[in-house]
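Derivation of every value follows stated rules applied to the coordinates shown; laboratory data play no part. What you are looking at is a predicted structure, and each value in this text was computed from that prediction instead of being measured. FYI the Cβ positions are ideal-geometry reconstructions off the backbone, even for glycines, and counts take in every protein chain you see.
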Amino acid sequence: MKILSITAGAAGMYCGSCLRDNAMAAELMQAGHEVQLVPIYTPTLTDEANVSQHRVFFGGISVYLQQYSAIFRHTPWIVDRLWDSRLALKLAARSSIPVDPESLGELTVSMLKGEDGLQRKELQKLIHWMRNETEPDVVILPNSLLIALARPIKEALKRPVLCTLQGEDLFIEGLENRYRTQALDLIRANIEFVDGFLPVSEYYAGFMAEYLGIADRKLHVVPLGITLDGYSEERRQSSGTFVIGYLARVAPEKGLHVLCEAYRRLRQRAGSPEMRLEVAGYLAREHRAYLAGIEQQMTEWGYAGEFRYSGVLDRQAKTEFLKGLDVLSVPATYDDPKGMFLLEAMASGVPVVQPRRGAFTEIIARTSGGLLVEPDDCDSLADGLISIWESQVLRDELGRNGCDGVRKHYSAASMARRAMEVFSNVLGGVTEATSRAV
């Protein structure tokens, strides 16, 4: 099958959606399918072999310039190459391309207007390129924020268009009220042009059905999957120190402050073990003050020497980081639809302790690789964490279960197989509908 998959770059961040899209494309290629993975906004950053195309469409610089200056909406395409190059986009991503929803309301709405938006020239470039490429069997959009591409792509290629759903509601809810309302109205107006939606979890299928008003018949769950190369159940020998880990974006919604408060309460309990809190993950500029506040709080509590932030980790560093943990917890304060960090930890034989919310519930239920605790409850989280330390039998059992469960249910291979089932069913449905119409 020939598959054209669009993926949205996230500047200089290891983005879970980018990693997922890249793993899917790589697995489909390995299975013999012809896949073009096309970046939007910026080149994608992955911690494994990047299989995306060299050219970036809707380059972040062009999109931004066209939003705020009419001159750039009419510059020749050949001139745009100056700031659409991968080098220019990578340099801009390090410093100036904004990614937070608070500053992107106008641009988000403009993009959702599609051919009527200020970036119509970028849409014309994409369609022109598509028409000159080998015709795909199916086109995949990375999220509903790019749903305005569905109708023009269908009209140009006469092929079905699918749309992945993988956490964009968090961005939408971060928009100012006036922009959020417009964005939701525009997304809902374009649902009819999408042949099928691919939520990454059962939770997100139910949520987005209600949030956007998507009919159940259009929803096809394709569970998240990870590439398992480099992950091993082999872990460090216990040193007598209870090592709690956090591996995710350092942002308030991911709940590092909740984990630190649970850590404090554990340390204050009589007979608590020697402990350490290891943290790693992307830190955006706007969240530096958040991390600084946490570090100051840990210092005031007297635990500065037990807290370490290791920054962004490449794949090798990430797998080594996980091997050194006794347990991982990312106590998000919202209903996370993905939880890739859970899969990475469990693939390494590390048990997890998570709030009972979002996709965490189904992932842990399916793998039996961790414990669920009450959301936003530091005492409940502390109880869950310490139970892992107190029972070596439980720790080993959860570690084995998680390791086996991820390989059985959440590998990139299983994700790709499920995706192909959906693609084939959608293509079959479109062909049948076309035959009836004729």
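Summary table below
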{"read-out": "Dipole of the chain, positive end: most advanced residue of Asn143, Val330, His33 [Cβ charges, Cα centre]", "value": "His33"}
{"read-out": "For Gly370, distant residues with modelled amide H under 5 Å away", "value": "Val352"}
{"read-out": "For the chain, size of Cβ-based charge dipole, Lys and Arg +1, Asp and Glu -1, in debye", "value": "1020 debye"}
{"read-out": "Helix runs (DSSP H) in the chain reaching 30 Å along axis by Cα, Kyte-Doolittle at least -1.0", "value": "412-437"}
{"read-out": "When the convex hull of its Cα atoms is projected in every direction, mean area for the range 17-173 (nm²)", "value": "9.4 nm²"}
{"read-out": "Gain upon complete extension [Ser85, Glu274; 0.36 nm per residue less C-alpha separation]", "value": "62.9 nm"}
{"read-out": "Cα-projected label distance for Ala284 with Arg217, points at 7 Å along beta-carbon direction, nm", "value": "3.8 nm"}
{"read-out": "Relative contact order [Cα under 8 Å, 6+ residues apart], the range 241-410, whole percent", "value": "25 percent"}
{"read-out": "Value of relative contact order over the chain, rounded to a whole percent, pairs C-alpha under 8 Å and six or more apart", "value": "14 percent"}
{"read-out": "Size-normalised alpha-carbon gyration radius of the range 177-240, reference 2.2 N^0.38 Å", "value": "1.78"}
{"read-out": "Cα-based equivalent ellipsoid, the chain: semi-axes from gyration tensor eigenvalues, Å", "value": "39, 25, 19"}
{"read-out": "Cut-off under 5 Å, modelled amide H: who pairs with Ser310 long-range", "value": "Val279, Ala280, Gly281"}
{"read-out": "Against the rule of thumb 2.2 N^0.38 Å, how large the Cα Rg of the range 241-410 comes out", "value": "0.95"}
{"read-out": "Positive-end residue, the chain charge dipole about Cα centroid, Cβ charges, pick of Leu283, Val250, Ser424", "value": "Ser424"}
{"read-out": "Mean Cα-pair separation over length for the range 177-311, i.e. relative contact order, pairs under 8 Å, 6 or more apart, %", "value": "20 percent"}
{"read-out": "Projected label distance in nm at Glu397 and Glu34, using a 7 Å step from Cα toward the beta-carbon", "value": "5.2 nm"}
{"read-out": "Estimated dipole of the range 241-410 in Debye, rounded to 20 [Cβ of Lys and Arg +1, of Asp and Glu -1, Cα centre]", "value": "440 debye"}
